[in-house]
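One structure below.
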Amino acid sequence: MTTLIKSGTLITAAETFQADILIEGEKIALIGENLAAPEGAEVIDASGKLVMPGGVDAHTHFDLPMAGTVSSDDHYTGHKAAAFGGVTTVIDFVSQDTSPLLKNVEMYHEKADARAAIDFSAHMNITRWDEQVEREIPDLLDEGITSVKVFTAYTMRLPDGALMEVMRTARSLGMVTLLHAENGDVIDLLVKEALEQGHLTPEWHALTRPSWGAVEAVLRGSALAAQAGGAPLYIVHMNAAGEVDMLEYARSRGLPVMGETCPQYLFFTVDDLRKPDGAKWVCSPPMRTKEDNERLWRGLEQGTIQVVGTDHCPFFFDGTQAIDYEGEKVAIPGKELGKDNFTKIPNGLPGVGDRLPILWTTGVVSGRITPNQFVALNCTNPARIFGLYPQKGALLPGSDADILIWDPERKVKYGVNVAQHRTDYNLYEGWELTGFRDKVLLRGKVIVDGDEWLGKPGGGRFVRRAPYAPVL
Ligand code: URP
Ligand code: ZN
Ligand code: ZN
């Protein structure tokens, strides 16, 4: 199939220009001015519209078992919501259990492949470390998995020596290590004390996970990466001002450390957890303060932070009440599991479809970041860091024709009925947005047209990623 996207304003991470895009099959064939439509080509008129690479979200958790339930978007419903939010590639996570890593990867494919509606990959969680696991890490490269995630919190955290060994092994293979940075020992102590004192409300989720732990863990991770021979490190879901300071410090010392924040950390604070429906904001790491929001914004503006991801991990607010989803009633246990005890609230939020529309209005329309920074943060940088570029995250001849056509004039009152996540709430309820997706193409096929869904389960494909991606 041949498609010509005519008269749009192309926005890449580096430049903005008027051009047409010719798509042959799944790939961009040509970019230029006044391209003629080949016979039989479908022509999309993009005049007045902006044309960008499809979004890449490097941090999602679909179908993730947690706290006696499961995240409420699976690999189909989450991909569909992502597509409606302008995203064409997601990178999710493979959980590690006691099986060999390749078995975990195989189990992941069994859940994801047939449901996938956009292109996807996965990072490998390393939550158990011994010589056998170390020997298995190279197997991941054969599977096209070139990144591993480690934790300094949750029961699955590793001790510092193991963290350093993971980073050293990953570095030797051209892999990136992702770090969830909090202090698990301190959190365990504070949670125990809070429960003993009868503190059970959602705000205590935040109060027992202080930002000092996150700050300290970013510095610790950076120091371990340095001692692992300069291992590439990517700090996920940055949430605290001091983390940005530590990232800045690490980078000023020439360390290959990169960072990601998520929209929720740019807008919300611990005060949101104090509301009657505060459980909606419970995620780990937690929301902080207005000063933290502001420092994270500056980190994005100044390029200290390279990526905006979402950490999409949705749960129903009230999973006892069904919602309509594609003509069916669906109810999945959610935040109500922790209504009497904050430690039982499943951690996580919806977000995969919110990132681009929310950041366009609050970042670009407000003048905080340029359209090119928007593309860099949401599309190109995550593709580059995780070995997807230039197949993904780029408008270049030879790249996959994953294209987002954006209507900068469209005004939308955002909320749960606009976002397509399979859950019963949205954090940005009632927000007035200017600029919204018009069409989304996945490898040359229109999968979202206006408000119409044209994608399908199995329409997405697992993307094998390259090692030795550049450190940005
Ligand atoms: O609350 C969150 N973020 N849940 C997902 C797991 C994680 O740590 O990213
Ligand atoms: Zn995490
Ligand atoms: Zn996460």
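Rule-based calculations on the coordinates, nothing more; no lab input. Keep in mind it's a predicted model, so treat the numbers as computed, not measured. A quick note on method: Cβ atoms are made from the backbone with ideal geometry, for glycine too, and the neighbour counts reach across all protein chains shown.
Tabulated data
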| quantity | calculated |
| --- | --- |
| Cα gyration tensor category, rounded, prolate or oblate, for segment 76-202 with a/c compared to 1.5 | oblate |
| Whole-Hz couplings from phi, Karplus 6.51/-1.76/1.60, listed for segment 380-397; x for Gly and Pro | 6, 4, x, 5, 5, 4, 9, x, 9, 7, x, 4, 10, x, 9, 10, 9, x |
| Sparsely packed GluC sites (Glu not before Pro) within segment 346-443, loop by DSSP, other Cβ within 10 Å at most 16 | GLU429 |
| Cα-based Kirkwood hydrodynamic radius, segment 55-385, one decimal, Å | 20.0 Å |
| Cut-off under 5 Å, modelled amide H: who pairs with ILE235 long-range | LEU179, MET258, GLY259, GLU260 |
| Amide H within-cut-off set for ASP438, under 5 Å, with H built and near neighbours excluded | ILE405, TRP406, ASP407 |
| Per-residue HN-Hα couplings for segment 226-235 [Karplus 6.51, -1.76, 1.60; θ = phi - 60°; Hz; x = Gly/Pro] | 4, 6, 8, x, x, 6, x, 10, 10, 7 |
| Local net charge near THR269, Cβ-Cβ under 9 Å (Lys/Arg +1, Asp/Glu -1) | -1 |
| MRE, 222 nm, helices only [DSSP H, n ≥ 4, -39500 (n - 2.57), over the chain, to nearest 500] | -7500 deg cm²/dmol |
| Local electrostatic count at GLY242 - Lys and Arg +1, Asp and Glu -1, tallied over other residues with Cβ under 12 Å | -4 |
| Gyration tensor verdict on segment 255-297 (Cα atoms; rounded if a/c is under 1.5, prolate if a/b is larger than b/c, oblate otherwise) | prolate |
| Cα pair distances in segment 1-154, grouped into 5 Å bins until the bin that holds the longest one, percent each | 2, 8, 14, 15, 14, 12, 10, 9, 7, 5, 2, 1 |
| Relative contact order of segment 15-143, pairs being alpha-carbon contacts under 8 Å that are 6 or more residues apart, as % | 19 percent |
| Pairwise FRET efficiency - ASP277 versus SER95, Cβ, R0 = 41 Å, nearest 0.05 | 0.90 |
| Cross-link reach list, lysines versus LYS329, counting only Cα pairs under 26 Å and skipping chain neighbours closer than eight places | LYS80, LYS111, LYS280, LYS339, LYS344, LYS413, LYS456 |
| Partners for LYS49 among lysines (Cα-Cα distance below 16 Å; same-chain residues under 8 apart left out) | LYS6, LYS411, LYS439 |
| Virtual spin-label span in nm between GLN132 and ASP45, 7 Å along Cα→Cβ | 6.4 nm |
| Two-site label geometry, ASP449 and LEU195: point separation in nm, points 7 Å out along Cα→Cβ | 5.4 nm |
| Pairs of Cα atoms farther than 12 Å apart, segment 90-143, % | 65 percent |
| J(HN,Hα) series, segment 245-262, from Karplus relation 6.51 cos²θ - 1.76 cosθ + 1.60, nearest Hz, glycine and proline x | 4, 5, 5, 4, 4, 4, 5, 5, 8, x, 7, x, 10, 10, x, 10, 10, 10 |
| Relative contact order, percent, segment 55-385 [alpha-carbon distance under 8 Å, six or more residues apart] | 19 percent |
| Percent of Cα-Cα distances greater than 13 Å, calculated over segment 292-348 | 71 percent |
| Built amide H within the under 5 Å cut-off of LYS49, gap 5+ | THR9 |
| Exposure proxy ranking, count of Cβ atoms within 10 Å, fewest first, for THR77, THR310 | THR77, THR310 |
| Between segment 1-51 and segment 276-336, the Cα center-to-center distance that results, in Å | 35 Å |
